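Here the structure comes first, spelled out in structure tokens, and everything after it is commentary.
Derivation of every value follows stated rules applied to the coordinates shown; laboratory data play no part. Since we're looking at a predicted model, the values are computed, not measured. Here Cβ is always computed from backbone atoms with ideal geometry, including for glycine, and neighbour counts include all displayed protein chains.
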Amino acid sequence: MSTSYLWQRDGNQCRICDQSIDMMLTYPDMMRASVDHILPYSLGGTHHESNLQLAHLRCNLIKQKRIGFKIPNAHNPRPGLDGGFAT
């Protein structure tokens, strides 16, 4: 399943943070599109399209294997590799 297909199916919003995804971004940009498993593959989720959603790579990496995880507030659209969070 490609990010382009998910973008056409679901629109251009990250399903984790609800912010728009710029489909022109590429590696190494952490805000580029990625395919996220709603029920993580490591917890028994499948690669079936009903279990896949569009997400920023950054959001997907923060989510890890959590179920139903959302990032509640809009984030910096161009965070550093640390995810943009203060430590």
With charges set only on the Cβ (+1 for Lys and Arg, -1 for Asp and Glu), what does the dipole of the range 3-63 come to about its Cα centre, in debye to the nearest 20? 100 debye
So what's the net charge close to K63: Lys and Arg +1, Asp and Glu -1, counting the other residues with Cβ under 11 Å from its Cβ? +4
Sparse-neighbourhood loop hits (trypsin sites (Lys or Arg not before Pro), the range 16-67; DSSP loop; Cβ within 10 Å at most 14 others) -> K65, R66
Please compute the net charge surrounding C14, taking Lys and Arg as +1 and Asp and Glu as -1 over other residues with Cβ under 12 Å from its Cβ. +1
From the Cα gyration tensor of the range 1-78, with a ≥ b ≥ c the square roots of its eigenvalues, which class applies: rounded if a/c is under 1.5, or else prolate if a/b is larger than b/c, or else oblate? oblate
Computed ³J(HN,Hα) along the range 21-34: with the Karplus parameters 6.51/-1.76/1.60, θ = phi - 60°, integer Hz and x for glycine or proline, the list is 10, 8, 6, 7, 6, 9, 3, x, 5, 6, 9, 6, 5, 9
